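In what follows, a single structure is set out as structure tokens and then discussed.
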Amino acid sequence: PPNGRLDWPKESDGIQLQITTNNYICDDDGRIEPWEGIQLNKDDSPPRPDAIPITFGRFDVKDADAIDVFNALADTKKQTEWDELLMNGPGVTYLGDFAKEKARGAAVSFVARPFPDRQVFQWMVYNSTLDHKEMWVVYSTRRNELLHQRGVENEGWPAVQAQNCLGSYYVVSLPQGGCHVVFSTMVNSHPPWPITAQFVFNIAWTKTADYIQHLRQRAQLLKRRRLAAGGKHELAVPRWLVYDGLEPNQTESGEFFVADSKKVVPPFQGPDYIADIIQADLLKDLKGLAQPNSPFPIVSMIALLVAAAFGMAVWRCRKGHGMTALGGTELEEGTSPPLLE
């Protein structure tokens, strides 16, 4: 991440997890948009939004192909069958396949006993090569006002509205079989004071490892089912949501198809993105750039935001393509090489 570092990795069962030492803005959009809208002055200073670390991780999946991991992640409704955080709770409600966004929306409630449930209204986007050797599943709760208008009420008190500002899974097939997964999450669960997101990660990272183990098992089950049915690759979501160049298809989406929604047009980078990442310690610099007497034009502020988001995206993609796969002794003992050399 821009100007950031990764903390020491935690490893278990061939899974490697790390968080950033810097914090990045992730909160309800009502607290973020005033900063992004450059509505900063001495008389009207918006509340400071929460800032949390980003989690990065990677792991291999044996005895399953990239499409099996993709389908396990993309079929959000059926995650209630294997994800312990979704079992025995309100579960998942699809809010539509949005033609103008080429994205699916969902309301997802996570069971956090003994604490209150956490609910997210999230966008989900997908991408894949035609041969299913490289596949993406990405989540974001940013700019989700449209999703809150789809007839699903917020889960009542004491449930907490949480955010996953940018979660992504990059799944790539391995030459020797199986696949390699690189992922990032940016979850603000709003833990009660004085608990911090860093404390939650350090205490509960084994729960993330348990989730990955369940994801592995689900992907392996899906492969066995696929092979028993003849081995054909079938996507868990409509094809027009996955492949570049396809037009929205109401027949594929059925009752979930949403054609007439207003297009989400965020500031700064145009209409073709929803999520962005802002480093918390840059907020003071953004405020300085936004002041009327600042020697820097507003364009400089925009460039700073774009550079921060772009730098993270490039870093993640470069590391995702360049990482060595785990296997053999590494996979069994969790002695994988570090994420950063």
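The values are calculated or read from the model by the stated rules, or taken from the named source; none is laboratory data. Only a predicted model underlies this, so the values are computations on that prediction, with no experimental measurement involved. Note that each Cβ is placed from the backbone with ideal geometry, even for glycine, and that neighbours are counted across all protein chains shown. The protein model used for the area step is the full one, side chains on, heavy atoms only, and it has no ligands, DNA or RNA in it. Shrake-Rupley method; radii C 1.70, N 1.55, O 1.52, S 1.80 Å.
Checked against the criterion of being in contact with a helix residue (DSSP H, G or I) (Cβ under 6 Å, 6 or more places away or on another chain) and basic (Lys, Arg), the stretch 209-216 has no qualifying residue. Looking at this structure, is Leu227 in contact (Cβ under 8 Å) with a residue 60 or more places away in the chain and of a type outside the set (S, T, N, Q)? For Leu227, the condition - in contact (Cβ under 8 Å) with a residue 60 or more places away in the chain and of a type outside the set (S, T, N, Q) - is not met.
Determine, yes or no, whether Val125 is open to solvent by less than 40 Å² (accessible area, probe 1.4 Å) and over 20 Å from Val200 (Cβ atoms). Against the criterion (open to solvent by less than 40 Å² (accessible area, probe 1.4 Å) and over 20 Å from Val200 (Cβ atoms)), Val125 does not qualify.
Of all residues in the stretch 175-196, those satisfying the criterion of being open to solvent by less than 30 Å² (accessible area, probe 1.4 Å) and aliphatic (A, V, I, L, M) are Val181, Val182, Met186.
Between Asp97, Asp68, Asp63, the distinction of being of a type in the set (D, E, K, R) and either open to solvent by 10 Å² or more (accessible area, probe 1.4 Å) or in contact with a Cys (Cβ under 7 Å, 6 or more places away or on another chain) (or both) belongs to Asp63 only.
Could you tell me which of the residues Val61, Val92, Val120 is modelled with pLDDT of 95 or more and of a type in the set (Val, Ile, Thr)?
After ruling out the rest, the residue left standing is Val61.
Taking the stretch 249-260 only, how many residues are under 23 Å from the mean Cα position of the chain (by Cα) and open to solvent by less than 50 Å² (accessible area, probe 1.4 Å)? Give the derivation first.
Within the stretch 249-260, the subset under 23 Å from the mean Cα position of the chain (by Cα) is 253, 256-258.
Narrowing further to those that are open to solvent by less than 50 Å² (accessible area, probe 1.4 Å): 253, 257-258.
Qualifying residue count, the stretch 249-260: 3.
A residue that is on the phi > 0 side of the Ramachandran plot and modelled with pLDDT of 90 or more can be found somewhere in the stretch 251-264. Within the stretch 220-247, restricting attention to residues that are touching a strand residue (DSSP E or B) at 6+ places or on another chain (Cβ under 9 Å) and farther than 27 Å from Gln163 by Cβ, which residue is surrounded by the fewest Cβ atoms within 10 Å (Cβ to Cβ)? Only one residue fits best here, namely Asp244. The residues of the stretch 95-139 that are over 20 Å from Tyr243 (Cβ atoms) and not aliphatic (A, V, I, L, M), listed by number, are Ser109, Phe110, Arg113, Pro114, Phe115, Pro116, Asp117, Arg118, Gln119, Phe121, Gln122. Just to be sure before I move on: is Val265 closer than 25 Å to Arg150 by Cα, without any contact (Cβ under 8 Å) to a residue 24 or more places away in the chain and of a type in the set (A, V, I, L, M, F, W, C) in the structure I sent? Considered against the rule, which asks whether it is closer than 25 Å to Arg150 by Cα, without any contact (Cβ under 8 Å) to a residue 24 or more places away in the chain and of a type in the set (A, V, I, L, M, F, W, C), Val265 comes out as yes. Flag not set for Gln217, criterion: more than 22 Å from Glu84 (Cα to Cα), at pLDDT 90 or above and open to solvent by 60 Å² or more (accessible area, probe 1.4 Å). Only one of the numbered conditions (1) charged (D, E, K, R); (2) surrounded by 20 or more Cβ atoms within 10 Å (Cβ to Cβ); (3) closer than 29 Å to Val61 by Cα is not met by Asp131, and that is (2).
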